[in-house]
Amino acid sequence: MEIQLSYFLATFFFFLFLLAKHYFNKSRPDQKLPPGPRKLPFIGNLHQLVGSLPHRSLKKLSEKYGPLMHLQIGELKTIVVSSARIAEETLKTNGLVFADRPELLLTKIMFYNFSDLGSSPYGEHWRQMRKLCIMELLSPKKVQSFQNIMVEEFSRLVSSIQSSQGVPINLTEKILEAESTIICRAAVGRRYSDQKALISLARETASFAGIFNVGDIFPSLKFLDSLFGSKRKLVNMHKKVDFILENIFREHEEDRLSITRGQTGDQPLEEDLLDVFLRLKDSDEFQVSITKENIKANILELLFAGIETSSTAIEWAMATMMKHPRVMEKAQREVRQAFKGNKKISHSDIQNLSYLKMVIKESLRLYPPGPLLGPRLSRAKCTIDGYDIPANTIAIINGWAIGRDPEYWDNPEVFEPERFNNISTTFTGANFELIPFGAGRRMCPGISFGLASIEQS
């Protein structure tokens with residue numbers, strides 16, 4: 001009886017708390033917020049994001065309410081950006097305001113309490129880490145040094161497909177395996193025995209990316225996360241990842257120590273990304289303290305983001321060309337003419353494949369690997385398109401909708417690579433009608449690596 005009464009009282013006060021919070025929010029002074037659909041009590045517009053394709057649902061809503069919408073996702077003030085014009089005003093004009101990320105349970109647990117570049121708070125440490133990534137880890141020169149790895153792994157992929165001798169194969173899994181191996185070798189090399197386990201855990205981590213926990217949507221109820229299995233799964237997964245990364249970390253440090261002491265007669269190997277991190281950790285080249293947690297978090301982020309992004313982009317490009325034989329034949333003809341008689345493919349040769357580049361741009365326009373770009377968090381109030389945007393508002397950038405924005409694209413639903421002929425639209429964030437890798441301060445720093453891998457395939 002006492003237990004039932006306690007449960008009743010807890011439930012009663014819980015709903016009383018939600019009701020009071022709801023009316024408190026309603027009673028605040030009116031602001032000129034962007035238009036948006038009506039909200040339900042407590043959950044707001046959460047029900048309109050349910051499903052596996054929220055980018056499509058949000059685009060449909062934007063056709064009714066406009067390219068800048070206001071939603072209430074649980075307790076979270078949210079805007080949804082669905083056009084290039086509004087994206088530029090959000091990510092460029094108000095770039096400093098939207099330079100932060102919301103704190104999510106996934107990034108807190110898996111990335112060592114926001115120690116990676118992607119989820120760490122904006123500030124001097126973040127700026128120095130981004131500078132490190134752009135200048136040292138993922139510079140075009142560094143990416144070119146991994147070309148042999150790409151050639152080797154994609155050659156192995158082609159051989160595997162040819163040896164199937166007509167037997168049906170899962171091309172998606174084959175591409176994912178090749179991409180996973182490329183990124184893993186570039187990140188941590190081949191000097192350990194847990195590569196497959198690490199790749200598997202990175203892919204499992206990616207599967208949690210679209211799952212929101214109670215505390216993510218209702219921060220005041222964060223304590224409820226401990227009652228659900230997802231937090232426990234993330235903690236257990238983090239322990240497994242950390243065990244593997246710790247072993248890899250130790251092996252790399254031992255190798256560096258052996259080379260320093262002259263105990264190895266081998267020539268120094270090409271630095272993988274973990275080697276670069278360790279070298280910079282012991283130097284004073286950058287005005288930032290690099291901890292072991294920073295290194296492990298960023299290595300995991302490279303695996304987590306790189307594997308899914310590149311493999312998804314390649315899969316969509318191949319599937320789309322198969323649906324458009326004319327495009328496939330034209331791309332094949334260009335490649336065969338360019339490499340006729342050449343056994344080795346160089347980076348400079350690939351840069352001359354103009355039609356292939358147009359195919360990649362068109363595929364990424366229609367099918368960006370991350371349809372909704374990483375969410376941003378406003379650090380202060382601002383104005384976008386004449387509307388008031390409060391501080392601590394989450395911005396969802398619908399890259400999928402922006403790539404189909406009729407204000408910028410003729411026949412936006414049609415796959416037509418030739419639309420990029422004689423125009424200088426790039427992925428670098430300068431052209432907001434094409435931002436599959438994001439734009440502004442939080443733009444993906446691995447764009448050079450991602451594009452090189454897609455083009456090489």
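The values are calculated or read from the model by the stated rules, or taken from the named source; none is laboratory data. Since we're looking at a predicted model, the values are computed, not measured. Using ideal geometry, Cβ is built from the backbone for each residue, glycine included, and neighbour counts are taken over all protein chains shown.
Scanning the range 370-398 for residues that are crowded, with 20+ Cβ neighbours inside 10 Å and more than 19 Å from residue 104 (Cβ to Cβ) turns up 384, 389.
Going by the conditions given, is residue 276 part of a helix (DSSP H, G or I), in contact with a Pro (Cβ under 8 Å, 6 or more places away or on another chain), more than 14 Å from residue 451 (Cα to Cα) and not polar (S, T, N, Q)?
no
Looking only at residues in the range 91-107 that are out of contact with any helix residue (DSSP H, G or I) (no Cβ under 8 Å at 6 or more places or on another chain) and surrounded by 18 or more Cβ atoms within 10 Å (Cβ to Cβ), the one that is farthest from residue 205 (Cα to Cα) is 94.
When only residues in the range 48-71 that are of a type in the set (S, T, N, Q) and surrounded by fewer than 19 Cβ atoms within 10 Å (Cβ to Cβ) count, which is nearest to residue 382 (Cα to Cα)?
Going through the qualifying residues, I end up with 57.
Residue 95: in the same structural domain as residue 394 (by TED's automatic domain parsing), over 17 Å from the mean Cα position of the chain (by Cα), of a type in the set (Gly, Ala, Ser) and not in a helix (DSSP H, G or I), yes or no? When the stated conditions are applied, residue 95 passes them. Of note, residue 395 satisfies the criterion of being of a type in the set (Gly, Ala, Ser), closer than 26 Å to residue 95 by Cβ and in contact with a strand residue (DSSP E or B) (Cβ under 7 Å, 6 or more places away or on another chain). Restricting 313, 297 to those that are among the hydrophobic types (A, V, I, L, M, F, W, C), touching a Phe, Trp or Tyr at 6+ places or on another chain (Cβ under 7 Å) and buried (at least 19 other Cβ atoms within 10 Å of the Cβ) reduces the list to 297.
Pairs linking a residue in the range 307-322 that is assigned by TED's automatic domain parsing to the domain that holds residue 199 to a residue that is surrounded by fewer than 19 Cβ atoms within 10 Å (Cβ to Cβ), with Cβ atoms under 6 Å and 6 or more positions apart or on different chains, are 308/206; 315/172; 320/415; 321/328. Annotation note: Cβ proximity below 6 Å between a residue of the range 27-38 that is in a loop (DSSP other than H, G, I, E, B) and a residue that is at pLDDT 95 or above and of a type in the set (Asp, Glu) (sequence gap 6+ or interchain) occurs for 31/388; 32/388.
Take the conditions (1) more than 20 Å from residue 59 (Cα to Cα); (2) without any contact (Cβ under 8 Å) to a residue 60 or more places away in the chain; residue 421 misses just one of them, which is (2).
Scanning the range 100-113 turns up no residue that is over 30 Å from residue 242 (Cα atoms), out of contact with any Cys (no Cβ under 9 Å at 6 or more places or on another chain) and touching a residue at least 24 places away in the same chain (Cβ under 8 Å). Filtering 301, 285, 270 for residues that are among the acidic types (Asp, Glu) and at pLDDT 90 or above leaves a single hit, 301.
Listed by position, the helices (runs of 4 or more DSSP H) inside the range 346-450 whose residues that are modelled with pLDDT of 95 or more and touching a helix residue (DSSP H, G or I) at 6+ places or on another chain (Cβ under 8 Å) number at least 3 are 354-366, 399-402.
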